[in-house]
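Trainee: The structure is given below, and queries will be raised subsequently.
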Amino acid sequence: MARLDITGVDIHLGGRAILEGLDLTVQEGECLALLGPSGCGKTTTLRTVAGFLRPTRGEVSIGGVPVARVPPNKRNIGIVFQDYALFPHMTVAENVAYGLEARRVPPDQIAQRVGAALEQVRLADFGDRRPEQMSGGQRQRVALARAIVIRPDVLLLDEPLGALDRRLRDAMQVELKQLQRDVGITTIIVTHDQEEALSLSDRVAVMFDGKIEAIGPPAQVYDAPGSLRVMDFLGAMNLFEGTVAQGRLVAGPHRIDLPEGVRDGPARYGIRPEHIELLGMEAAGIPCTVEELVFKGPAVAVLARTEDDRLLHASLPASAVTDAGLKRGDPVRFGLPPRRLVGLTK
Amino acid sequence: MSESAAFRTTVAILAWTGIAFLVFPVLVTALASFNEGYFIEMPPKALSLRWYGAIGDIHRIGEAVLWSLLIAFVAALLATAFGLGAALAIARHPLPGKPAITAVLLSPVTVPMVAIGIALVQYFVVLGVAFTWWSVAIGHVVLVVAYPVRTLLASLTLTNSGLEDAARSLGASRWRAFHTVTLPQLKPGLVSGFLFAFLISFDNYPISVFLVRGDVTTMPIELFNHISNNFDPTPAAFSTVYILIVSLVICAAEWRYRIVSLSIPKT
């Protein structure tokens, strides 16, 4: 277990800068999610920490020790690869034992630690199986056992749940979080799935174009993303662009109350669908016409068109929709609570 | 007849004709070897195993088979080792001029063998090593290296290059990762590449005929010399035994290493 520091790292691949001056710190025992669209540099960051890529500039330190020039096999890092990369010609137990054998751990200790690791991922009876005889979820747990059995300083997970189906993914999400907490390893999860990032991590770093654009605890980054593309990437949103005058945003025909203390001038504000409120018809709010209602269990997704022909996405509690008896074509008024409006840069 | 039935019939006829073309000469050879008479007759008038007993009478045949085994073994070993390096470089590393390098490595399959033979004998004469058994083996490497390159490239594209990264991240050095993870994955490619190289070298005539003089000789050369001077079915008996042994070896390799999957895409 150790703190991880990435300072001023440049990575060039095929003459192209993938990372430029990347700074990132992961605290001891912390679980950080690196989130971003494909090509944003998150996998490059992971491979740099692992030692497969050598920075042209900058330093990577694990527990305060600089490792930028240290090969991957001398870094003591556990990786769970996206496709798990289990060795097909070895049994599950042999896969898990591989890292211990490479470290020349005495055989009796190997057997004991492999058994304990398989127990930890609830595969104690599967040691003699081959990877091809196991399901996707089981393979993932083998990959996890193989990575943690070496007691790595840092654990790297590359799209850990990407290859699993929906239900298994939800189950593994909980399991992975518990395991990470139990073992307490400094962890980086690379993912393009915002839900995975928000639910698994202590902090989320959102990457675009080789740079970290937003970083912080999941709730904070979700509620105050800072930039339009971060907000958009983290989930559905509604955008209002216009000019601020006297504490209100003038966007087309709309006059939207803003939180106190905003400066006048051109601005853009976003609001999440679940923060939009359903108001009574006499209240001041944005008048719309309901275009579509999609029932989603606890909530109903409401798609409504404004007077200036814009579509607003609202996620309303199912009870509120039922009480109001909303149906397609009904006029509604949407309220935008000022404190839920998020000021955004491009 | 419906259109799709007609299509399937045409494909089936073509396929079975192809198989017949491949199998028919083998059957004729086997049949001829059991012929009682001195001259090859079709169909045989009486059956006998006498020509199998006469295999040993072919001039220098025992010695020639031993030379061929030695030459084929050394040539296949060298070709597989070189092929492994070449295939790894082509499959796993960014190389300038990769298509050109690949084309050169696979070219012996397309360059006329007589041209290769003439070039090699001149080269060996200049070096003063011509007509030694090992110069024949080295000459054969030129001919057969394309086969391991091809099977190993197929093997490498079928295996996951991430496995080596996984091994490295788990603490294995490059060497350890290579021999504990990469090499076991390449076994089918190594076995089939070696086998092809061995067999192509073992019964090569057009190159050997330029490289072989005096003490050193090879099986195909002695067999051809025999056929040039005699009309008896002994070579047919020899060929039948030869085909049988090769078939058994290929079947064993397929059963153990699934080598056919390298040349035929999985369905």
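The values are calculated or read from the model by the stated rules, or taken from the named source; none is laboratory data. Remember, it's a predicted structure, so these values are computed and weren't measured experimentally. We place every Cβ from the backbone using ideal geometry, glycine too, and count neighbours over all the protein chains shown.
Trainee: Scanning for something within 19 Å of A:Ile189 (Cα to Cα) and either in contact with a Phe, Trp or Tyr (Cβ under 8 Å, 6 or more places away or on another chain) or at pLDDT below 95 (or both), does region A:119-127 turn up at least one residue?
Mentor: yes
Trainee: Just one of (1) within 12 Å of chain B (Cβ to nearest Cβ); (2) of a type outside the set (Gly, Ala, Ser); (3) closer than 20 Å to B:Asn160 by Cβ trips up A:Leu100, so point out which.
Mentor: With respect to (1) within 12 Å of chain B (Cβ to nearest Cβ); (2) of a type outside the set (Gly, Ala, Ser); (3) closer than 20 Å to B:Asn160 by Cβ, A:Leu100 is out only on (3).
Trainee: Taking region B:107-123, which residues are of a type outside the set (Gly, Ala, Ser), under 20 Å from the mean Cα position of the chain (by Cα) and part of a helix (DSSP H, G or I)?
Mentor: Residues satisfying the conditions are B:Pro108, B:Val109, B:Met113, B:Val114, B:Ile116, B:Leu120.
Trainee: While we're looking at this one, here's another question. Can you tell me how many residues within region A:287-346 are acidic (Asp, Glu) and over 26 Å from A:Pro266 (Cβ atoms)?
Mentor: Within region A:287-346, residues that are acidic (Asp, Glu) and over 26 Å from A:Pro266 (Cβ atoms) number 4.
Trainee: Here's a follow-up. Within region B:89-100, take every residue that is away from chain A (no Cβ under 14 Å) and out of contact with any helix residue (DSSP H, G or I) (no Cβ under 7 Å at 6 or more places or on another chain) and give me the one that is farthest from A:Phe52 (Cα to Cα).
Mentor: B:Ala100
Trainee: For region B:130-171, list the helices (runs of 4 or more DSSP H) that sit wholly inside it and hold at least 3 residues that are more than 22 Å from the chain's Cα centre (by Cα) and either among the charged types (D, E, K, R) or more than 14 Å from every other protein chain (Cβ to nearest Cβ) (or both); which are they?
Mentor: B:162-169
Trainee: Still on this model: Among A:Glu20, A:Glu28, which is closer than 14 Å to A:Thr186 by Cα and among the charged types (D, E, K, R)?
Mentor: Result: A:Glu28 is the single residue among A:Glu20, A:Glu28 that is closer than 14 Å to A:Thr186 by Cα and among the charged types (D, E, K, R).
Trainee: Going through region A:250-294 one residue at a time, which ones are surrounded by 13 or more Cβ atoms within 10 Å (Cβ to Cβ), among the hydrophobic types (A, V, I, L, M, F, W, C) and over 18 Å from A:Leu311 (Cβ atoms)?
Mentor: Of everything in region A:250-294, those that are surrounded by 13 or more Cβ atoms within 10 Å (Cβ to Cβ), among the hydrophobic types (A, V, I, L, M, F, W, C) and over 18 Å from A:Leu311 (Cβ atoms) turn out to be A:Val250, A:Leu258, A:Val262, A:Ala267, A:Leu279.
Trainee: Also: For region A:22-45, which positions are crowded, with 16+ Cβ neighbours inside 10 Å and part of a strand (DSSP E or B)?
Mentor: Correct list: A:Leu22, A:Leu24, A:Val26, A:Cys31, A:Leu32, A:Ala33, A:Leu34, A:Leu35.
Trainee: Using beta carbons and a limit of 7 Å, which pairs, at least six apart or on different chains, have the first residue in region B:79-108 and under 18 Å from B:Ser155 (Cβ atoms) and modelled with pLDDT under 95 and the second one surrounded by fewer than 18 Cβ atoms within 10 Å (Cβ to Cβ) and small (Gly, Ala, Ser)?
Mentor: If the second residue must be surrounded by fewer than 18 Cβ atoms within 10 Å (Cβ to Cβ) and small (Gly, Ala, Ser), the pairs left are B:Arg92/B:Ser161.
Trainee: Across region A:62-85, which residue is farthest from the other protein chains (Cβ to nearest Cβ) among those that are in contact with a Lys or Arg (Cβ under 6 Å, 6 or more places away or on another chain) and closer than 15 Å to B:Leu163 by Cα?
Mentor: Only one residue fits best here, namely A:Tyr84.
Trainee: So which residues in region A:177-225 are of a type in the set (Ser, Thr, Tyr) and within 10 Å of the chain's Cα centre (by Cα)?
Mentor: A:Thr191, A:Ser199, A:Ser201
Trainee: What tally of residues in region A:47-61 results from selecting those that are away from every other protein chain (no Cβ under 13 Å), of a type outside the set (Asp, Glu) and surrounded by fewer than 21 Cβ atoms within 10 Å (Cβ to Cβ)?
Mentor: Selection size over region A:47-61: 6.
Trainee: Of the residues B:Val104, B:Val181, B:Val126, which single one is more than 11 Å from chain A (Cβ to nearest Cβ), more than 27 Å from B:Ile243 (Cα to Cα) and more than 26 Å from the chain's Cα centre (by Cα)?
Mentor: B:Val126
Trainee: Another question about this same structure. Name the pairs: first residue in region A:198-223 and touching a residue at least 40 places away in the same chain (Cβ under 8 Å) and of a type in the set (A, V, I, L, M), second residue part of a loop (DSSP other than H, G, I, E, B) and buried (at least 22 other Cβ atoms within 10 Å of the Cβ), Cβ to Cβ under 8 Å, at least 6 apart or on different chains?
Mentor: Pairs found: A:Val206/A:Gly36; A:Val206/A:Pro225; A:Met207/A:Gly36; A:Met207/A:Cys40; A:Met207/A:Gly41.
Trainee: Yes or no: region B:91-98 includes at least one residue that is surrounded by fewer than 20 Cβ atoms within 10 Å (Cβ to Cβ), assigned to a helix (DSSP H, G or I) and among the small types (Gly, Ala, Ser).
Mentor: Yes, region B:91-98 contains a residue that is surrounded by fewer than 20 Cβ atoms within 10 Å (Cβ to Cβ), assigned to a helix (DSSP H, G or I) and among the small types (Gly, Ala, Ser).
Trainee: Looking only at region B:1-54, which residues are polar (S, T, N, Q), within 27 Å of the chain's Cα centre (by Cα) and surrounded by fewer than 14 Cβ atoms within 10 Å (Cβ to Cβ)?
Mentor: Matches in region B:1-54: B:Thr17 only.
Trainee: With the requirement that a residue be within 14 Å of chain B (Cβ to nearest Cβ), assigned to a helix (DSSP H, G or I) and either more than 26 Å from A:Leu24 (Cβ to Cβ) or at pLDDT below 90 (or both), what does region A:141-190 give you?
Mentor: Passing the criteria: A:Val142, A:Ala145.
Trainee: Okay, moving on. Let me confirm something: among A:Arg69, A:Arg47, A:Arg103, which residue is free of Cβ contacts under 8 Å to residues at least 40 places away in the same chain, within 21 Å of A:Ala143 (Cα to Cα) and of a type in the set (D, E, K, R)?
Mentor: Result: A:Arg47 is the single residue among A:Arg69, A:Arg47, A:Arg103 that is free of Cβ contacts under 8 Å to residues at least 40 places away in the same chain, within 21 Å of A:Ala143 (Cα to Cα) and of a type in the set (D, E, K, R).
Trainee: Inspect region B:246-259 for any residue being assigned to a helix (DSSP H, G or I) and within 14 Å of chain A (Cβ to nearest Cβ) and give the result as yes or no.
Mentor: yes
Trainee: Looking at (1) farther than 24 Å from A:Ala197 by Cα; (2) within 14 Å of chain B (Cβ to nearest Cβ), which is the one condition that is false for A:Leu123?
Mentor: Here A:Leu123 clears every test but (2).
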